[in-house]
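Let me begin by presenting the structure, written as structure tokens, before commenting on it.
The values are calculated or read from the model by the stated rules, or taken from the named source; none is laboratory data. Treat the numbers as computed from the prediction; the structure is a model and nothing was measured. Virtual Cβ from ideal backbone geometry, glycine too; neighbours counted across all protein chains shown. Accessible surface areas use protein heavy atoms only, side chains included; no ligands, DNA or RNA. Shrake-Rupley method; radii C 1.70, N 1.55, O 1.52, S 1.80 Å.
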Amino acid sequence: YRNSGFALISNELNYIKNLEPRSLNIYHKSLKKRSLVKITNPENNKYLIAEVKSNRIKFSNFYNSVLSLRIAEELELNNHEPYVEIVLISKDSTFVAKKAKMFDEERSVAEKAPVDGIQINDLNLKKTKKKIAMNNNFSYSIKVADFYYKETADIMVNRIKEDVSINNITIMTLSKTKYRVLIGPFNDIQSLKSSFEKMGNFNFENLEILKNV
């Protein structure tokens, strides 16, 4: 499993059950409980290992996960644009063999540490200890799927236009046997979210959001 998209950062303002602020846990809709995942911030290539705490929490399909505050801060995610890549780590992976012990030790320390160990910047204050640079060039597209035949990709484009009235669709030729259907690009998160939620009618298992396609 691999997915790129926007995460929801758990805090007291969310309508869902909060994650413990210092935990290395996430909520996910399809991955099994206790699965280990590698979460990466593509903007700075920072990553960490986290554990799926539950796959039964309800939240918008637009978000590929719900992250704890600690994960968001350690990856230095932009609160206005929390874009992440999530990769499921196989139990047989050498990556897990090298990182699992470190993850367990780190998690134990985090859970025993006082909650005030994390600093949360108030967005209403003019001065903050740490300022993450904003990227004004918001440009994302929805990756619908990759197809072996161009004709199959054309059929999907027509279905989307007819069934959910989305017209800003393109077919990207990646090779002679790989054609990618993309919706976008979008210049604001609300229009992106609206189109993404419309695509829920098709029940795709792994819609992705790609940046600067």
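Scanning segment 172-185 for residues that are more than 21 Å from ASN203 (Cβ to Cβ) and among the aliphatic types (A, V, I, L, M) yields MET172, LEU174. When THR128 is tested against (1) among the hydroxyl-bearing types (Ser, Thr, Tyr); (2) at pLDDT 90 or above; (3) farther than 20 Å from ARG2 by Cα, just one condition goes unmet, and that condition is (2).
Among the residues in segment 131-138, are any over 18 Å from SER60 (Cβ atoms), modelled with pLDDT of 95 or more and either among the hydroxyl-bearing types (Ser, Thr, Tyr) or open to solvent by less than 50 Å² (accessible area, probe 1.4 Å) (or both)? There is no residue in segment 131-138 that is over 18 Å from SER60 (Cβ atoms), modelled with pLDDT of 95 or more and either among the hydroxyl-bearing types (Ser, Thr, Tyr) or open to solvent by less than 50 Å² (accessible area, probe 1.4 Å) (or both).
The single condition among (1) out of contact with any Asp or Glu (no Cβ under 7 Å at 6 or more places or on another chain); (2) at pLDDT 95 or above that ARG180 does not satisfy is (1). At least 3 residues being open to solvent by 60 Å² or more (accessible area, probe 1.4 Å) is the threshold, and among the strands (runs of 3 or more DSSP E) wholly inside segment 1-77 those reaching it are 46-54.
Taken over segment 154-191, residues that are in contact with a Ser or Thr (Cβ under 9 Å, 6 or more places away or on another chain) and either open to solvent by less than 50 Å² (accessible area, probe 1.4 Å) or β-branched (Val, Ile, Thr) (or both) amount to 11.
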